[in-house]
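The values are calculated or read from the model by the stated rules, or taken from the named source; none is laboratory data. Not measured: the values here are computed from a predicted model. FYI the Cβ positions are ideal-geometry reconstructions off the backbone, even for glycines, and counts take in every protein chain you see. Only protein heavy atoms, including side chains, enter the accessible area calculation; ligands, DNA and RNA are left aside. Shrake-Rupley method; radii C 1.70, N 1.55, O 1.52, S 1.80 Å.
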Amino acid sequence: MSQACFLRVALPVPLRRLFDYRLPRNLPSHGLRPGMRVQVPFGKRKLIGILASTTTKPELAEDKLKSALQVLDEEPVLQPDILALCEWASRYYHAPLGELFSLAIPATLRQGKPLSTRHRLWRLRPAAADAAEALLSRAPKQKQAWHFLSEHPKGLSEDSLKAFGFATSILSQLEQKGLVEHAEVEEHSTHFEAVDPILKCAPLTLNDEQQHALAAITEETSGFRPALLDGITGSGKTEVYLQAIDHCLQQGQQALVLVPEIGLTPQTINRFHERFNVPVVTLHSGLNDTERHNAWRQGLKEEAGILIGTRSAIFAPLPKLGLIIVDEEHDLSYKQQDSIRYSARDLAVYRARLKGIPVILGSATPSLETYNNASQHRYLHLRLTQRAGNARAPAIELLNIRDAALQDGLSEALLEQIKTHLDQSHQVLVFINRRGFSPTLMCYSCGSVMDCPGCDAHMTLHRNPWKLHCHHCDTRRPVPSSCPDCHSSNLQAVGEGTEKIEETLQQLFPKTPVFRIDRDSTRNRNAMEKILAQVHSTKACIMLGTQMLAKGHHFPRVTLAAMLNMDAGLYSSDYRALERTGQLLTQVAGRSGRADKPGKVVIQTRDQENIALQQLANGSYQEFIPLLLQERQLMQLPPFSFQALIRTEAATPAEGERFLSLIRTILEQQASQLNLNGPEGLQLLGPWPAPMERRQGRYRQQLLLQSVSRQPLHTILNFSLSSIESLPESRKVRWSVDIDPQDMS
Ligand code: ADP
Ligand code: ZN
Ligand code: ZN
């Protein structure tokens, strides 16, 4: 007799382990494959998990094991490469495998819905009209539905009938009376390879640098090939992507393109539609569950030739995947900042390795991590140093405002330059890193500032309507008419955000359209597109906004870009702040002078002599970054060391600190047992309060693990996390592990 077989299931629960079950009754074990969904009893609940493997040696005695309830799929919903990617990510990020699998499938599948989206089509059965009328005389709703269907002889899908207000129950009642029938129809599907020709229009003729980059990426020797496409803004990186994708599609393979969260605009998608005849599918957070399901399925069924998506699209199923592109690879939105803190960029490199395919990390301002990998020859370093076409790089001026009188943050000298450019019918872009009207509302009688009740932060003053808003926890309050402390009515807005600058610029340039682009002005669906369309149809105008402006947009008429408040980024205690400031500055500068007109960039600063600023202004990001790298090396900071951050959030500061101290003790004991101490080994720093100690009413503490190589960090966590998880405190305090933390605030 063959040995009994048991299911090892990954469940979406925050426990770092798998769970064993018996086979569901009457189910043979053959045909079971990893990646299929299984429904199981878990405590009092029923959960849907993913079959990770089968085993003949369960962890518990056989009679203690429960039976799985059912296997939901005939085919795995997770392909072997995605299973392997999730398994790797589960080890690397020290996260439960079940939670990773949950990230990798759409909500519809997590809820147990079938993979193939068949619609149900309802249509009338032939019947005499008066007989039907008689049958329905006492059921007005059914009668309505019957009439409605009689106007649609080919039938209607259940979804659209629902949208017209006819519930399935009504249709079933009609069915019982023999008046209607339904059929299940499979969603229409064509394989992307059947599309011919692939190209809709001829590609551009590449310049030498582009040609070299493309050749390196598409080189005949196939295999894993990570490449940094390090190209200044406007140098034609996107054209290289498009031609690399063309090459990939010609080989009968699919391409995956990751873009930052706000980079997925119709402008971006259009460039792909204009070039290719193959279906281009998008996957991003703006879709509803059904849309996500369909996009995901189209990838899996090889209907999509190209899938473009934001962070979580790195898990999209593409059985014929032949190329991965990560555009703006430095962008922070690739790192998830809650639950499983994965980096989609890093997973992209790992997925390409698993598949043995090329991966392109593109940016005008590469992250230090990626740049260092290229410098160490772990990645190809492909440079595009010239703007494509006729465009030239802009001139950068550091405008000293040390003793200048500013009008709401704008110096006289800058205003004059803005006027000159507008007078020439050019467009001007003004960047300020702060949304809202004013970052603070202050009582000028007693000096108190309106703070958020739950956070260590000031509340930002917004208008339309006037309110106070905490950007950290979303608390909103009406603007008080008098000071809560001294009752004086002398409350003043201090400092300026985009809304105030908008007002000032509009007053100073009353005849010029001023467009504000920030999270508030673009909240509604398509709002961004509307603003951009207006900008493109206008001559002289001012665009003013936050970093949303800096990302990927092409404004051919902009000849002046001004940056108002960059200085703060030069002195932050966060060691990554300077890198981010350099990226932002370079990206904003890149918006100026993209077509045939030369561009200019003005940076208002009180620290004109600042070395970093000088470098960025005189040379370029490409010269700034090696110096930043040297500094990080000297200080043994990432990418020259590796970090993991354990965070807690608790009702009192003491609770979090106590838990982290326990963790520290466990880590220290493990480190000495494993011999991981010493200068080359593991360092533990903390516990200490997070820079913003209180957020949303909870106290936040951190413990930092750092080491010069990755291994000790992972070893110690592997050996310690289960003891940490079994501490009773671990269930009282909210805590998380963040590998390669990016944002330590
Ligand atoms: P990036 O992605 O590096 O910002 P793009 O690919 O958007 O650059 O190119 C910037 C502009 O230059 C676009 O209008 C693009 O059509 C044009 N362009 C790119 N490559 C070429 C080329 N080889 N010849 C002519 N124009 C080009
Ligand atoms: Zn006061
Ligand atoms: Zn708050």
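At-a-glance table
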{"quantity": "Check: the chain dipole with +1 on Lys, Arg Cβ and -1 on Asp, Glu Cβ, in debye", "calculated": "1780"}
{"quantity": "For peptides 291-301, 140-150, 523-533, sequence by mean Cβ density within 10 Å, most packed first", "calculated": "291-301, 140-150, 523-533"}
{"quantity": "Rounded to the nearest 10 Å², the accessible area of Thr522 at probe 1.4 Å", "calculated": "20"}
{"quantity": "Normalised convex hull volume, the range 186-248, alpha-carbon set, Å³ per residue", "calculated": "150"}
{"quantity": "Interchain or long-range residues, amide H under 5 Å from Leu429's placed H", "calculated": "Met543, Leu560, Ala561, Ala562"}
{"quantity": "Long pairs among Lys154/Lys301; Lys320/Lys355; Lys551/Lys600; Lys511/Lys600; Lys66/Lys732; Lys141/Lys177, criterion Cα-Cα beyond 20 Å", "calculated": "Lys154/Lys301; Lys511/Lys600; Lys66/Lys732"}
{"quantity": "Surface per residue (accessible, 1.4 Å probe) for the chain, Å²", "calculated": "46"}
{"quantity": "With every protein chain in place, the range 193-384: carbon and sulfur % of accessible area (1.4 Å)", "calculated": "47"}
{"quantity": "Share of alpha-carbon pairs per 5 Å distance bin for the range 642-739, given as whole %", "calculated": "3, 14, 26, 25, 17, 10, 4, 1"}
{"quantity": "Peptides ranked, highest mean first, by Cβ atoms within 10 Å: ranges 664-672, 507-515, 425-433", "calculated": "425-433, 664-672, 507-515"}
{"quantity": "Ranking by accessible area, most exposed first, for Cys452, Cys486 with a 1.4 Å probe", "calculated": "Cys486, Cys452"}
{"quantity": "Environment charge at Gln696 (Cβ cut-off 10 Å; Lys +1, Arg +1, Asp -1, Glu -1)", "calculated": "+2"}
{"quantity": "Peptides ranked, highest mean first, by Cβ atoms within 10 Å: ranges 99-106, 564-571", "calculated": "99-106, 564-571"}
{"quantity": "Karplus (6.51, -1.76, 1.60) ³J(HN,Hα), θ = phi - 60°, over the range 305-314, in Hz, Gly and Pro reported as x", "calculated": "x, 10, 10, 10, x, 8, 2, 6, 5, 5"}
{"quantity": "For the range 46-58, 3J(HN,Hα) per residue [Karplus equation, 6.51 cos²θ - 1.76 cosθ + 1.60, θ = phi - 60°, Hz, x = Gly/Pro]", "calculated": "10, 10, 9, x, 10, 5, 8, 6, 10, 8, 9, 10, x"}
{"quantity": "Share, in percent, of DSSP beta bridges within the chain that are antiparallel, nearest 5", "calculated": "55"}
{"quantity": "Helix axis angle, 289-300 relative to the chain longest principal axis, alpha carbon, degrees", "calculated": "80"}
{"quantity": "Accessible-area composition of the range 642-739, carbon plus sulfur, in percent [1.4 Å probe]", "calculated": "49"}
{"quantity": "Accessible area of the range 118-186 belonging to carbon and sulfur atoms, whole % at 1.4 Å probe", "calculated": "52"}
{"quantity": "Other-chain or far-sequence residues with amide H under 5 Å of Gln604's (modelled H)", "calculated": "Leu399, Met563"}
{"quantity": "Rg(Cα) / (2.2 N^0.38 Å) computed for the chain, rounded to two decimals", "calculated": "1.08"}
